[in-house]
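First up is the structure itself, then whatever we jot down about it.
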Amino acid sequence: MTTPRFGTESPQRTRMPGTASHTGPPTAITVAPGTTRGRAGFCRGVTAAPGTEDAGKAVYSEIVRTDTTVEARSALPGIPRALIGMVHLLPLPGSPRWGGSLARIVDRALADARTLEAGGFQACLVENYGDAPFSPDRVDPATVAAMAVVVGEVKRAVRLPIGVNVLKNDARAALAVAAATGAAFIRVNVHVGAVVADQGLIEGDAFTTLRYRRLLDTSTRLFVDVGGKHAVPVAPVELEQVARDAAYRGLADALVVSGIATGEPTPLGDVKRVRAAVPDRPILVGSGVTPETVADLLAVADGAIVGTWIKRDGRTTGPVDAERVAAVAQAAACGG
C-alpha cells in the first residue's frame with residue numbers, strides 16, 4: 001500500500017467558508033463579481049455573488065488578517081521570532097517508567113527551564129515526553145494532576161511564557177493545565193484532519209478544543225501542528241490545505257511545521273509552503289533546529305521550538321545543556 005504523503009503542488013479548488021476567530025466576529029462584506037484581492041485586501045468573510053444564491057454557488061474567503069508584518073505575526077505577544085525550549089518531563093505517575101518521585105521530576109524541570117532562561121531563550125514548552133507509549137486520546141487523571149504541579153512550579157521559577165503539550169493529543173488536558181497554572185499556550189499535535197501514528201488512528205477535534213477553551217474562559221493560545229511528527233495523513237492531502245484548514249477552520253493561533261520525527265530536520269521548503277499558504281498566522285519550526293540551521297529557518301518562520309539539539313550530547317531524554325542553549329541563541333541572534 002502506498003503511504004499517503006503531502007503533495008508538492010496545490011490543486012485548484014473552491015475555498016470553504018471560514019469561521020470567526022475567537023478574538024472577534026467576522027465582518028461580512030460584498031465583493032463584486034470579478035474583483036481580485038491582493039494580500040493587503042483579504043477580507044473577513046464575503047456574501048454570495050449576485051445571481052448565484054439559488055444555485056448554491058457562494059463566493060467565500062478564509063478569515064485572513066490584513067496585517068502580515070513580523071510584529072503582527074508574533075506567536076507570543078511582543079516576542080518576534082521566539083526561541084521556545086523544550087522541557088521534556090521524566091515519566092509521570094501512572095506511566096510505565098514512573099520512578100516514584102514527583103519531586104525528582106520537578107527538580108529536573110526547574111533546572112531545564114532555568115537553563116533555557118539563562119541562555120537567552122524566550123519561552124519554554126513543558127511536555128510529558130517520558131510517558132511513552134502515549135495514549136491516543138485522553139490521558140489518565142494522574143497525568144493531568146502531575147503536569148499541573150510541575151507546570152505551576154516552573155511558572156513560579158522563571159519569568160518566561162510557559163507552554164503545555166500533553167502527548168499524544170489531549171488538548172483538553174493541556175488547556176486544563178494551562179488554565180490552572182496561567183500557561184500562555186498549548187501545542188496540539190493533531191487539530192484538524194486525521195493521521196495514522198504509532199498510537200494508531202488519531203483524529204483532530206478542533207470543535208471540542210475551541211469550545212473547551214471558551215468554557216474555561218482562558219486566552220491560552222493554540223499552537224497547532226501541520227501534519228505533525230511520527231504520523232502520516234490517512235489520505236493524500238496538500239500541505240497547504242492542512243495549513244489553511246488549521247488556521248481558518250480550526251482557528252489556530254500559530255502553526256507548527258516539523259520534520260518526520262523528534263529531532264529530525266524541518267524542511268525549509270515546507271516552512272516556505274506553509275508561509276505562502278497562510279501569510280497572516282505565526283509559523284513555528286517544530287523539530288531538528290540546530291545552530292547551523294536556525295538563522296535560515298527564522299528568516300521565514302516566526303519562531304522555533306528547540307528540543308533535541310539543546311540536550312546534553314544531543315539526546316532527547318537528557319537534561320538541557322547550557323552551552324548548547326547559548327549556541328542556538330547566539331546563532332539565532334546573529335542571523336536576525
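I want to confirm something. Restricting to segment 101-127 and keeping residues that are assigned to a loop (DSSP other than H, G, I, E, B) and touching a strand residue (DSSP E or B) at 6+ places or on another chain (Cβ under 6 Å), which single residue is surrounded by the most Cβ atoms within 10 Å (Cβ to Cβ)?
The extreme case among them is Phe121.
Determine whether segment 179-197 contains at least one residue that is over 19 Å from Val226 (Cα atoms), aromatic (Phe, Trp, Tyr) and in contact (Cβ under 8 Å) with a residue 40 or more places away in the chain.
Pass one, segment 179-197, residues over 19 Å from Val226 (Cα atoms): 179-184.
If we keep only those that are aromatic (Phe, Trp, Tyr) as well, we get none.
No, segment 179-197 has no match at all.
Check Ala304 against each of (1) small (Gly, Ala, Ser); (2) surrounded by fewer than 24 Cβ atoms within 10 Å (Cβ to Cβ); (3) under 14 Å from the mean Cα position of the chain (by Cα) and name the one condition it does not meet.
(2)
Specify the residue that is surrounded by the most Cβ atoms within 10 Å (Cβ to Cβ); the eligible residues are those in segment 220-235 that are at negative phi and part of a loop (DSSP other than H, G, I, E, B).
Val226
Considering each of Gly130, Gly200, Gly163 in turn, give the residue that is crowded, with 24+ Cβ neighbours inside 10 Å and either in contact (Cβ under 8 Å) with a residue 40 or more places away in the chain or touching a strand residue (DSSP E or B) at 6+ places or on another chain (Cβ under 6 Å) (or both).
Result: Gly163 is the single residue among Gly130, Gly200, Gly163 that is crowded, with 24+ Cβ neighbours inside 10 Å and either in contact (Cβ under 8 Å) with a residue 40 or more places away in the chain or touching a strand residue (DSSP E or B) at 6+ places or on another chain (Cβ under 6 Å) (or both).
Of (1) assigned to a helix (DSSP H, G or I); (2) in contact (Cβ under 8 Å) with a residue 60 or more places away in the chain; (3) over 13 Å from the mean Cα position of the chain (by Cα), Ala247 satisfies all except one. Which?
(3)
Taking the condition on the phi < 0 side of the Ramachandran plot, among the charged types (D, E, K, R), touching a helix residue (DSSP H, G or I) at 6+ places or on another chain (Cβ under 7 Å) and free of Cβ contacts under 8 Å to residues at least 60 places away in the same chain, does Arg273 pass?
yes
Is at least one residue of segment 86-109 among the aromatic types (Phe, Trp, Tyr) and modelled with pLDDT of 50 or more?
Here is the first cut: in segment 86-109, the ones among the aromatic types (Phe, Trp, Tyr) are 98.
Those still in the list that are modelled with pLDDT of 50 or more too: 98.
The answer is yes; a qualifying residue exists.
Given the structure, is Leu175 part of a helix (DSSP H, G or I) and in contact (Cβ under 8 Å) with a residue 40 or more places away in the chain?
yes
Among the listed residues Thr143, Thr66, which satisfies the condition of being assigned to a loop (DSSP other than H, G, I, E, B), of a type in the set (Ser, Thr, Tyr) and either in contact with a Gly (Cβ under 8 Å, 6 or more places away or on another chain) or at pLDDT below 95 (or both)?
Only one candidate qualifies: Thr66.
Does Leu255 fit the bill of being in contact (Cβ under 8 Å) with a residue 12 or more places away in the chain, within 27 Å of Arg312 (Cβ to Cβ) and not in a loop (DSSP other than H, G, I, E, B)?
Working: in contact (Cβ under 8 Å) with a residue 12 or more places away in the chain: yes; within 27 Å of Arg312 (Cβ to Cβ): no; not in a loop (DSSP other than H, G, I, E, B): yes.
It is false that Leu255 is in contact (Cβ under 8 Å) with a residue 12 or more places away in the chain, within 27 Å of Arg312 (Cβ to Cβ) and not in a loop (DSSP other than H, G, I, E, B).
Among the residues of segment 306-326, is there at least one that is among the aliphatic types (A, V, I, L, M) and closer than 24 Å to Ala252 by Cβ?
Within segment 306-326 (the criterion being among the aliphatic types (A, V, I, L, M) and closer than 24 Å to Ala252 by Cβ), the answer is yes, since at least one residue qualifies.
Quick one: how many residues across segment 248-276 are more than 19 Å from Ile84 (Cβ to Cβ), of a type in the set (A, V, I, L, M, F, W, C) and either modelled with pLDDT under 95 or buried (at least 20 other Cβ atoms within 10 Å of the Cβ) (or both)?
Taking segment 248-276 and keeping what is more than 19 Å from Ile84 (Cβ to Cβ), we get 248-251, 260, 267, 269, 272-273, 276.
Next, only the ones that are of a type in the set (A, V, I, L, M, F, W, C) stay: 251, 260, 276.
Still in the running and either modelled with pLDDT under 95 or buried (at least 20 other Cβ atoms within 10 Å of the Cβ) (or both): 251, 260.
The qualifying residues number 2.
Residue under question is Asp270, and the condition is that it be under 19 Å from Leu116 (Cα atoms) and among the acidic types (Asp, Glu); does it hold? Working first, answer last.
On the way: under 19 Å from Leu116 (Cα atoms): no; among the acidic types (Asp, Glu): yes.
Against the criterion (under 19 Å from Leu116 (Cα atoms) and among the acidic types (Asp, Glu)), Asp270 does not qualify.
Within segment 236-247, which residues are in contact with a helix residue (DSSP H, G or I) (Cβ under 6 Å, 6 or more places away or on another chain) and crowded, with 24+ Cβ neighbours inside 10 Å?
Matches in segment 236-247: Ala243, Arg244.
The values are calculated or read from the model by the stated rules, or taken from the named source; none is laboratory data. Quick caveat, the model's predicted, so the values are computed rather than measured. No Cβ is skipped: glycine too gets one built from the backbone with ideal geometry, and neighbour counts run over all protein chains shown.
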